[in-house]
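Notes for the one structure printed next.
Please treat every number below as a calculation from the coordinates, not as lab data. Computed from a predicted structure; not experimentally measured. Ideal geometry is used to build each Cβ from the backbone, glycine not excepted, and the neighbour counts take in all protein chains shown.
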Amino acid sequence: MAGFDIHIDASELSNNFERFLLGLGFWHSDFCGHPPGAPSYEPVHHLTLQPSTSAEYKKAFRAVREYAVDHQDALRGYIEGEFFAFDRDLENKTFDCSVRAPFKVKTGFLAPGKFRESEIHVTMSRDKSDPKLAAILMKMGFFTAYLSKPYGIGQVFTVQGSHAQIQSLLPVIYEFLRQVGGAAECSVKEERVVGWWISDLRVSLPPVIEQIAWN
């Protein structure tokens, strides 16, 4: 699927800004928790718009950013614009425990005022996928959260970093998932950042890759 995403990720969101966003066509796509004991990075408020063209994306992102700049109480959080650089679905098959994880990432946090360049999302059905695969992905360094989907609850596994890091991992994780199986309703996406704005340099962002250990 070619196109763009604009997300509003916020711990605080004013009613006026919410109405403004809904008027532009945004919808609520809030996360709904994460596995017990797993690190939590999902925002309280998560709104989404998916412009289909570059012109539509630029117009919407500019409008959202200008509103946030002009209204200091609009949100505490960040705005991110992303381009779908890779988006493929995977056919489900039986989990193969003999397939080894190809890498493990060590993560850390960016300095204030910095933002990731790209990310990989692996999304699958929480309840229909093999829980052993979910455990492997978390051990590989992906952080995870639950998200409502038409088929039920989806589990999103994410790793973020530079263009070079994500490009090195993307074909490897896709091939690993294709071989290992166990993932129902699975999709693999690379979403490249094309615009961002942070309300406050103290706002915390999800972790990014510091090192990749290849197996």
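Listed values, structure above:
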| quantity | calculated |
| --- | --- |
| Projected label distance in nm at Ile153 and Glu66, using a 7 Å step from Cα toward the beta-carbon | 4.2 nm |
| For the chain: rounded, prolate or oblate by the Cα gyration tensor [a/c cutoff 1.5] | prolate |
| Violating pairs (Cα-Cα greater than 29 angstrom) within the set Lys114/Lys139; Lys132/Lys189; Lys58/Lys128 | Lys58/Lys128 |
| Prolate/oblate/rounded label for segment 1-40 (Cα gyration tensor, a/c 1.5) | oblate |
| Segment 59-200: relative contact order as a whole-number percent, Cα under 8 Å and 6+ apart | 45 percent |
| Within-11-Å neighbourhood charge of Val180 [Cβ basis; K, R +1; D, E -1] | +1 |
| Scaled radius of gyration (Cα, divided by 2.2 N^0.38 Å) that segment 101-143 gives | 1.44 |
| Summed residue charge, Cβ within 10 Å of Leu49's Cβ, Lys/Arg positive, Asp/Glu negative | -2 |
| Separation of alpha-carbon centers, segment 29-53 and segment 112-135, rounded to whole Å | 11 Å |
